4 protein chains.
Amino acid sequence: MGGANVGAEVCALARELGKRIAERGWVLLNGGRDSGVMRASAAGAHEAGGTVIGILLDADASRAAPDLDYAIVTGMGDARNLINVLTSDVVIACPGGAGTLSEVALALKNGKRVILLGWDAGAAFEDFRGGLLTTAKDPEDALAQAKETLPRAGHHSQPG
Amino acid sequence: MGGANVGAEVCALARELGKRIAERGWVLLNGGRDSGVMRASAAGAHEAGGTVIGILLDADASRAAPDLDYAIVTGMGDARNLINVLTSDVVIACPGGAGTLSEVALALKNGKRVILLGWDAGAAFEDFRGGLLTTAKDPEDALAQAKETLPRAGHHSQPG
Amino acid sequence: MGGANVGAEVCALARELGKRIAERGWVLLNGGRDSGVMRASAAGAHEAGGTVIGILLDADASRAAPDLDYAIVTGMGDARNLINVLTSDVVIACPGGAGTLSEVALALKNGKRVILLGWDAGAAFEDFRGGLLTTAKDPEDALAQAKETLPRAGHHSQPG
Amino acid sequence: MGGANVGAEVCALARELGKRIAERGWVLLNGGRDSGVMRASAAGAHEAGGTVIGILLDADASRAAPDLDYAIVTGMGDARNLINVLTSDVVIACPGGAGTLSEVALALKNGKRVILLGWDAGAAFEDFRGGLLTTAKDPEDALAQAKETLPRAGHHSQPG
């Protein structure tokens with residue numbers, strides 16, 4: 001997960017994350033739009049031969065990122081953020097805005113493990129820190145933490 | 001908005017808020033469950049003769065707060081949080097957990113004015129502070145701030 | 001429930017239905033758009049002093065019918081059809097297109113009583129006929145049938 | 001698409017349909033539950049080496065069919081039926097109950113091509129017959145009709 005409107009540095013981080021998710025044989029799932037963290041992580045995973053699923057908020061796929069393998073069309077606007085987190089085994093959140101924060105919150109509400117990559121959510125999420133919520137210093141650290149969460153790495157694992 | 005699992009002090013705050021919303025002739029809208037901030041604010045508004053709308057996450061109304069005038073049954077789980085904020089003219093958030101944070105985030109994502117009553121969201125929401133996001137020291141302060149947002153206080157105004 | 005694109009005769013039927021729902025002291029709930037059966041039934045109920053709730057598919061209320069008392073903003077497109085039927089005690093369906101048929105189907109799927117006013121759904125819904133699904137010859141007949149379904153006519157009853 | 005509670009004959013039809021979808025190199029998408037048409041079509045596609053996506057109504061994957069490659073967890077109940085049809089390039093509907101009818105209706109509402117396999121929807125859907133809605137006499141006929149709809153058979157094609 002992560003913002004649609006982010007700078008080049010965050011996009012590079014997301015691309016690297018996507019690449020490493022694919023290299024582990026995991027499936028990347030994100031919001032599927034053709035911008036920011038979604039486009040960059042999809043591109044990184046796709047280039048490394050991985051599988052990418054995008055959960056689109058629109059009622060058609062016209063704004064989908066080009067590197068999706070599967071575009072799920074919801075037509076439900078931001079309500080699709082719930083699907084993003086419920087479908088993911090682990091949520092890795094790159095920097096973003098309020099949309100990303102809503103995904104972090106919905107994930108924690110539903111008992112999902114959340115790893116913040118390259119930022120910190122501060123006081124609002126203090127109750128979850130060290131439990132469901134941790135921070136990672138780089139993509140490899142994020143994936144190492146994610147791996148501890150997944151008892152059986154395998155076909156259905158979908159870090160988002 | 002606010003938590004389902006909160007202490008007596010927060011419930012008292014929510015009840016007072018509900019009462020004052022009703023006294024202004026505004027409609028109270030919340031998540032409609034029979035617990036915490038939702039039950040308490042509904043009770044406060046109802047006692048003061050106000051109108052209360054609850055947006056329920058379940059597929060029936062069996063867990064609805066007793067003081068709802070209108071129970072909207074969504075059957076969509078936490079996806080109903082989006083409806084809570086899109087339907088509200090202003091979102092007043094009492095303390096809560098990750099569910100409340102998701103509502104704050106979804107509201108800001110959709111350009112809604114959010115007033116935090118009795119807590120502070122910290123660094124995660126820093127970009128919105130002083131703009132869409134402010135804090136209030138008590139219910140009356142929250143409503144005074146809400147009123148500035150509403151050009152036409154009237155029938156359809158639904159602070160949540 | 002009923003179509004957004006219907007002729008003058010169906011609109012007159014919907015208006016009459018709305019009026020009679022209000023006269024019974026029931027709440028009218030529909031899809032809330034400013035066209036067809038939604039606009040006409042809202043107008044009929046509003047004129048007769050009734051309460052009208054509209055469940056909007058858009059992310060704002062700009063296309064809402066003028067006679068709504070409460071506009072619920074979902075931003076979830078046609079997914080809001082599920083909310084329409086789950087929230088209603090009884091679904092009365094005027095003629096419409098595929099959207100109305102989806103509401104009839106979702107209502108029956110969820111065990112709701114459905115009354116078709118002025119049309120017949122034919123073979124597809126044969127299994128439900130005489131049970132959950134009946135037809136009515138006019139608005140008064142529809143409401144008489146609806147009343148049998150409602151053990152306690154009251155504040156929360158929301159025929160849609 | 002198709003019913004969760006159907007007889008052995010319909011399950012055999014669905015299995016054959018899934019097998020042939022996979023043999024064409026298309027992706028099968030359905031509601032993902034471990035029963036009826038969903039389980040049978042997934043099994044048929046999986047055995048033939050195809051890819052299967054299930055859009056689950058629950059908030060977890062505990063009731064998912066065993067032959068899914070990707071389980072999308074929505075937690076939105078029957079509202080996920082909208083996702084099923086918006087995501088599909090063509091909807092092929094096996095016999096089912098009201099849930100299947102809601103998918104047929106939502107698909108037609110959104111301008112999707114619908115092919116009824118082994119049944120007829122009757123008068124309710126008469127307006128769409130011969131246009132968006134046709135019937136097929138067997139799985140091969142359904143797929144031949146589906147193929148005419150798809151200008152570019154390819155990676156993203158997801159008959160449901």
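The table below lists the values:
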| read-out | value |
| --- | --- |
| Where a residue in region D:19-43 is more than 14 Å from chain A (Cβ to nearest Cβ) and buried (at least 24 other Cβ atoms within 10 Å of the Cβ) and its partner, wherever it lies, is part of a helix (DSSP H, G or I) and at pLDDT 95 or above, with Cβ under 6 Å and at least six apart | D:Ile21/D:Ala45; D:Val37/D:Ala14; D:Ala40/D:Cys11; D:Ala40/D:Ala14; D:Ala40/D:Arg15; D:Ser41/D:Ala14; D:Ser41/D:Leu17; D:Ser41/D:Gly18 |
| Candidate set from region D:57-67 (those that are aliphatic (A, V, I, L, M), touching a Leu at 6+ places or on another chain (Cβ under 9 Å) and part of a loop (DSSP other than H, G, I, E, B)); member that is farthest from the other protein chains (Cβ to nearest Cβ) | D:Ala61 |
| Test: residue in region C:124-147 that is among the basic types (Lys, Arg), more than 11 Å from every other protein chain (Cβ to nearest Cβ) and over 21 Å from C:Cys11 (Cα atoms) | yes |
| Residue list for region C:40-64, restricted to those being more than 15 Å from C:Ile21 (Cβ to Cβ) and not basic (Lys, Arg) | C:Ile55, C:Leu56, C:Leu57, C:Asp58, C:Ala59, C:Asp60, C:Ala61, C:Ser62, C:Ala64 |
| Residue in region C:117-132 that is part of a strand (DSSP E or B) and within 15 Å of the chain's Cα centre (by Cα) present | yes |
| Residue selected from region A:132-160 under the condition at pLDDT below 95 and of a type in the set (S, T, N, Q), by the criterion farthest from A:Met38 (Cα to Cα) | A:Thr149 |
| Complete set of residues in region A:5-18 that are free of Cβ contacts under 8 Å to residues at least 12 places away in the same chain and either in a loop (DSSP other than H, G, I, E, B) or under 16 Å from A:Gln145 (Cα atoms) (or both) | A:Gly7 |
| Per-region count, region C:13-49, residues of a type in the set (A, V, I, L, M, F, W, C) and over 21 Å from C:Ser102 (Cα atoms) | 7 |
| Residue within region C:92-113 that is modelled with pLDDT of 90 or more, of a type in the set (Val, Ile, Thr) and either more than 27 Å from D:Phe128 (Cα to Cα) or assigned to a loop (DSSP other than H, G, I, E, B) (or both) present | no |
| Among residues of region B:121-131, those that are surrounded by fewer than 19 Cβ atoms within 10 Å (Cβ to Cβ) and either over 13 Å from A:Phe125 (Cβ atoms) or modelled with pLDDT of 90 or more (or both), counted | 5 |
| Members of region B:78-89 that are outside any loop (DSSP other than H, G, I, E, B) and of a type in the set (D, E, K, R) | B:Asp78, B:Arg80 |
| Residue list for region A:88-114, filter: crowded, with 24+ Cβ neighbours inside 10 Å and more than 13 Å from chain B (Cβ to nearest Cβ) | A:Ser88, A:Ile92, A:Cys94 |
| Sole residue being over 11 Å from the mean Cα position of the chain (by Cα) and farther than 24 Å from A:Lys112 by Cβ, chosen from D:Ser35, D:Ser62 | D:Ser35 |
| Sole residue being part of a strand (DSSP E or B), modelled with pLDDT of 95 or more and not hydrophobic (A, V, I, L, M, F, W, C), chosen from A:Gly75, A:Gly44, A:Gly54 | A:Gly54 |
| Matching entry among D:Val52, D:Val10 (being under 13 Å from D:Gly96 (Cα atoms), surrounded by 21 or more Cβ atoms within 10 Å (Cβ to Cβ) and hydrophobic (A, V, I, L, M, F, W, C)) | D:Val10 |
| Of all residues in region C:56-85 being of a type in the set (Asp, Glu) and in contact (Cβ under 8 Å) with a residue 24 or more places away in the chain, the one that is surrounded by the fewest Cβ atoms within 10 Å (Cβ to Cβ) | C:Asp67 |
| Qualifying residue in region B:15-29 (condition: within 30 Å of D:Arg80 (Cα to Cα) and among the basic types (Lys, Arg)) | no |
| Number of the exception - C:Leu117 against (1) more than 12 Å from every other protein chain (Cβ to nearest Cβ); (2) surrounded by fewer than 19 Cβ atoms within 10 Å (Cβ to Cβ); (3) in contact with a strand residue (DSSP E or B) (Cβ under 9 Å, 6 or more places away or on another chain) | (2) |
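The values are calculated or read from the model by the stated rules, or taken from the named source; none is laboratory data. Being a predicted model, the structure only gives us computed values, none of them experimental. Backbone-built Cβ (ideal geometry, glycine too); neighbour counts: all protein chains shown.
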